[in-house]
Number of protein chains: 2
Amino acid sequence: MTAPTPQPPTKAQLLELVAALGTAQWQDFAAAAGRHGLTSVQAKLLAQLKGPVPMRGLATLLVCDASNVTGIVDRLEARGLVRREPDPADRRVKNVVATEEGRETIHRVRAEMQATHTALDALDEDERTTLYGLLERLRPGMEHRA
Amino acid sequence: MTAPTPQPPTKAQLLELVAALGTAQWQDFAAAAGRHGLTSVQAKLLAQLKGPVPMRGLATLLVCDASNVTGIVDRLEARGLVRREPDPADRRVKNVVATEEGRETIHRVRAEMQATHTALDALDEDERTTLYGLLERLRPGMEHRA
DNA sequence: CATGGATGCTTGAAGTACTCAAGCAACTTG
DNA sequence: CAAGTTGCTTGAGTACTTCAAGCATCCATG
């Protein structure tokens with residue numbers, strides 16, 4: 001390992017590789033979600049619900065218009081995977097929470113991302129640590145999109 | 001760097017980080033595409049056109065139904081960014097090629113992914129090489145989706 | 001070479017995702 | 001309390017997506 005300095009990849013190559021990996025993981029996620037009757041967008045929303053989140057918060061997390069969230073939550077609610085609860089402190093706000101079934105479903109979706117899990121198994125602990133460190137350094141600049 | 005063996009991240013953490021990065025890059029791509037009047041899907045299709053590609057090939061590359069490609073190419077063709085050419089060897093096939101304007105457009109979109117470029121600039125050559133190597137090892141398992 | 005079965009593309013129907021403009025309710029501030 | 005702000009929904013319009021059908025062309029077998 002730590003090979004004898006191979007040709008450093010160009011930024012373009014690295015970019016393409018990251019994109020390819022991201023796409024592959026997304027496909028894996030979408031396929032797993034599909035097996036549970038969810039679209040990838042619905043699953044992604046469900047994945048954000050560690051606790052109660054107001055509609056507006058979801059729009060921010062998903063980087064989309066609030067009116068879009070209404071529809072997605074409508075469909076998830078129709079399936080009994082989430083619930084809208086009134087916010088005790090502000091009557092305008094509706095907090096979305098995952099139901100027990102919702103939590104189980106998203107948990108299974110994550111567990112069933114076989115391609116992704118298998119891929120990660122190809123690395124040992126040290127490599128994972130290194131990778132994590134490098135990726136973390138990549139993150140900051142990616143966050144701040146106006 | 002190469003810190004004194006910090007806690008190795010769990011697979012879940014690593015997974016989440018990769019997902020976050022993928023999402024950030026996709027947002028960046030979508031925003032850049034939007035500035036040129038393209039949806040992210042249209043831009044993604046355009047990005048596949050290094051040479052002539054039959055409709056069916058595009059469906060395979062984008063992992064979607066062939067009938068879906070018809071619509072996307074229709075809209076790109078209406079904007080003059082791609083062209084459908086008959087295949088000399090098989091009259092059923094239509095090969096899609098990017099026009100000069102199409103090539104320029106996708107080139108600019110890539111160049112304008114500022115957040116992504118800035119993020120990659122945070123790494124030096126050695127780190128990029130290491131990262132590339134690790135990500136490449138991740139790829140194989142991600143490819144084989146039925 | 002005729003015919004039956006693939007294969008490549010398009011169309012139409014139906015549902016999801018997405019944005020923008022408007023509207024209503026509720027909060028906040030002067 | 002009035003005016004402005006914020007949170008959510010609705011409605012219109014477009015894009016994306018799949019599936020089922022249909023047409024043209026290719027290919028293999030007899």
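Would you mind telling me which residue in B:Ala24, B:Ala43, B:Ala122 has the biggest mean-square fluctuation in a Gaussian network model of chain B, where springs connect alpha carbons within a distance under 10 angstrom?
B:Ala122
At a temperature of 25 °C and a viscosity of 0.890 mPa s, determine how fast the protein assembly as shown diffuses translationally according to Stokes-Einstein, using the Kirkwood radius over alpha-carbon pairs as Rh; express D in µm²/s, rounded to the nearest whole number.
The diffusion coefficient I find is 117 µm²/s.
Taking both sides together, what accessible area is buried at the B/A interface, probe 1.4 Å, expressed in Å² and rounded to the nearest 100?
Values: alone 10790 and 10800 Å², together 16420 Å².
Approximately 5200 Å² gets buried when B meets A.
State, to one decimal in nm and shortest first, how far the label point of B:His117 sits from each corresponding label point in the other identical copies (label point: 7 angstrom along Cα-to-Cβ).
From this label point to the equivalent ones elsewhere in the assembly: 4.0 nm.
Report the residue, chosen from B:Arg92, B:Arg83, B:Arg108, that carries the largest GNM mean-square fluctuation when chain B is represented by alpha-carbon nodes joined by springs under 10 Å.
Most flexible of the set in this elastic network: B:Arg92.
Which chain A residue puts its Cβ closest to the axis that rotates A onto B, and at what distance in whole Å?
Spelled out, residue of A and its Cβ distance from the axis onto B: A:Gly22, 1.
Kindly state, to the nearest 0.05, the FRET efficiency for A:Glu100 paired with A:Ala122, given R0 = 30 Å and r defined as their beta-carbon distance.
Taking R0 as 30 Å, the efficiency between A:Glu100 and A:Ala122 is 0.30.
Taking a label point 7 Å out from Cα toward Cβ, give me the nm distances from B:Ala20 to the same spot in the other copies, shortest first, one decimal.
Label point to label point, same position, other copies: 2.6 nm.
Using a label position 7 Å from Cα in the Cα→Cβ direction, what is the ascending list of nm distances from B:Leu62 to the same site in the other copies?
2.2
Before rounding to the nearest 500, sum -39500 (n - 2.57) across all DSSP H runs of length at least 4 in chain B and divide by the residue total; then give [θ] at 222 nm in deg cm²/dmol.
It lands at -20500 deg cm²/dmol.
About the Cα centre, and with charges only on the beta carbon of Lys, Arg (+1) and Asp, Glu (-1), how big is the dipole of the range A:31-129? Nearest 20 debye, please.
On the way: 15 positive and 15 negative charges, 128 e Å.
In total the dipole reaches around 620 debye.
Test of understanding: in a Gaussian network model of chain A with alpha carbons linked when under 10 Å, which of A:Val96, A:Val18, A:Val73 would top the mean-square fluctuation ranking?
Answer for the Gaussian network model of chain A: A:Val18.
So what is Rg over Rh here for the range A:31-129, counting just Cα atoms and using Kirkwood for Rh? Provide the component values of the computation, followed by the final result.
Working: Rg = 15.6 Å, Rh = 14.6 Å.
Rounded to two decimals, Rg over Rh is 1.07.
Got the relative contact order for the range B:31-137 handy, in percent, Cα pairs under 8 Å and 6 or more residues apart? Walk me through the intermediate numbers first.
Working: 94 pairs, mean separation 28.6, N = 107.
Taking the mean separation of contacting Cα pairs over the length of the range B:31-137, I get 27 percent.
The values are calculated or read from the model by the stated rules, or taken from the named source; none is laboratory data. None of these values were measured; they are calculated from a predicted model. With ideal geometry, Cβ positions are generated from the backbone for all residues, glycine too; neighbour counts draw on all protein chains shown. Just the protein is used for accessible areas: all its heavy atoms, side chains included, with ligands, DNA and RNA removed. Shrake-Rupley method; radii C 1.70, N 1.55, O 1.52, S 1.80 Å.
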